[in-house]
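K.L.:
Sending over a structure as structure tokens; questions will come in a sec.
The values are calculated or read from the model by the stated rules, or taken from the named source; none is laboratory data. Please read all numbers here as calculations on a predicted model, not as lab measurements. Positions of Cβ are backbone-derived with ideal geometry, glycine not excepted, and every protein chain shown enters the neighbour counts.
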Amino acid sequence: MKHFEDFLLVSHKPLTEAERGWIDILRAIFPGEVPRPDLRRVQLMRRVMNDLGIEAENQRSHPSTSRLPR
């Protein structure tokens, strides 16, 4: 698995159309370059998704995400 500073990627599978859509949204939101993921940004994104009632399928069991505060 590939590491980005302190965040471990879940897989190296090819991107789905939905994932490409999220990348386009990130590019539209951030002026210039999209920042690299780090623990703080991942935690903030998780909080927003949880507040919206969206929970990642692997959030409870994957070692790279289970250590993050909920």
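K.L.:
Do any helices (runs of 4 or more DSSP H) entirely within the chain hold 2 or more residues that are surrounded by fewer than 11 Cβ atoms within 10 Å (Cβ to Cβ) and either over 12 Å from the mean Cα position of the chain (by Cα) or at pLDDT 85 or above (or both), and if so, which?
P.N.:
In the chain, 17-29, 39-51 are the helices (runs of 4 or more DSSP H) which contain 2 or more residues that are surrounded by fewer than 11 Cβ atoms within 10 Å (Cβ to Cβ) and either over 12 Å from the mean Cα position of the chain (by Cα) or at pLDDT 85 or above (or both).
K.L.:
A follow-up question, please. Quick check on my filter: what residues within the stretch 39-56 are in contact with a strand residue (DSSP E or B) (Cβ under 9 Å, 6 or more places away or on another chain) and over 17 Å from ILE29 (Cβ atoms)? Before the answer, list the steps.
P.N.:
The first filter runs over the stretch 39-56 and keeps only residues in contact with a strand residue (DSSP E or B) (Cβ under 9 Å, 6 or more places away or on another chain), leaving 39, 41-42.
Within the stretch 39-56, just LEU39 meets the criteria.
K.L.:
Return the pairs, sorted by first residue and then second, in which the second residue is among the charged types (D, E, K, R) and assigned to a loop (DSSP other than H, G, I, E, B), the first residue lies in the stretch 9-22 and is touching a residue at least 40 places away in the same chain (Cβ under 8 Å), the beta carbons are less than 9 Å apart, and the residues are 6+ apart or on different chains.
P.N.:
LEU9/LYS2
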